[in-house]
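Student: So that we are looking at the same thing, I have put the structure below in structure tokens.
The values are calculated or read from the model by the stated rules, or taken from the named source; none is laboratory data. Worth saying up front: this structure is predicted, and the values here are computed from it rather than measured. Every residue, glycine among them, receives a Cβ derived from its backbone with ideal geometry; neighbour counts consider all protein chains shown.
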Amino acid sequence: MATFPNARFLISAAAPEQYPADRGAEVAFAGRSNAGKSSAINAILGRQGLARTSKTPGRTRLINFFELAPLERIVDLPGYGYASAPQSERRTWPPLLEALRARAALRGLFVIVDARRGIGSGDEALLDWALPRQRVHVLLSKADKLSRSEARQALAAAAQALGARATAQLFSAHTRTGLEEAQGTLASWLTD
């Protein structure tokens, strides 16, 4: 049985005024372009194609809200670290993100990091944006591309880099590695 059987696309927001009412609970998903964010969202929600995936980095350009249940949402943020979007469009993102950070409904942030790359400067900037107000959980995605030894090393390196600022886990949308743990974390944050 799916953990989030009623997940559906709600709205793509280009301005804070378009955000859903600031009620209930929501969890944001962010990550470097091409880290596997859309694939992670689809796997966690058990819905193929809900968040659009692409081999081209920078596909997500607006703030996308998905409703999981009444007053429970996830928020898909544009990827960072890849400049395919026009400069004029990228300038609109900081006010959108600041408006999101100010929302009472925001319960935490999932940061998707390619396990082969590790925690980078863009990920650190995102942690600075979220902390100390928000909980942060890092999904070390594409873990299936690593050997078991490499995966253990990637997890240990992430844990050391993050310290007490965030939790981390190995994750693969392809092999479903870490899927139940990620679903459990999301569900607990939404119902806290």
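Student: Look at R133 and say whether it is outside any helix (DSSP H, G or I), charged (D, E, K, R) and closer than 24 Å to L96 by Cα.
Tutor: yes
Student: Any chance the stretch 151-174 includes a residue that's among the aliphatic types (A, V, I, L, M), under 26 Å from Y19 (Cβ atoms) and either part of a helix (DSSP H, G or I) or more than 16 Å from the chain's Cα centre (by Cα) (or both)?
Tutor: no
Student: Are there any pairs, at least 6 apart or on different chains, whose C-beta atoms fall under 7 Å, with the first in the stretch 14-37 and modelled with pLDDT of 95 or more and surrounded by fewer than 19 Cβ atoms within 10 Å (Cβ to Cβ) and the second part of a loop (DSSP other than H, G, I, E, B) and among the aromatic types (F, W, Y), and if so, which?
Tutor: Hits for this filter: zero, empty list.
Student: So which residues in the stretch 1-15 are of a type outside the set (S, T, N, Q) and either over 19 Å from the mean Cα position of the chain (by Cα) or part of a loop (DSSP other than H, G, I, E, B) (or both)?
Tutor: Within the stretch 1-15, M1, A2, F4, P5, A7, A14, A15 qualify.
Student: Another question, if that's okay. Output the residue which, of all residues in the stretch 128-145 that are surrounded by fewer than 24 Cβ atoms within 10 Å (Cβ to Cβ) and at pLDDT 95 or above, is nearest to V113 (Cα to Cα).
Tutor: H137
Student: Being touching an Asp or Glu at 6+ places or on another chain (Cβ under 6 Å) and either under 21 Å from N42 (Cα atoms) or modelled with pLDDT under 95 (or both) narrows it down to one of L97, L190, L186, so name that one.
Tutor: L190
Student: Restricting the stretch 44-84 to residues that are surrounded by fewer than 19 Cβ atoms within 10 Å (Cβ to Cβ) and aliphatic (A, V, I, L, M), which is modelled with the lowest pLDDT?
Tutor: Going through the qualifying residues, I end up with A83.
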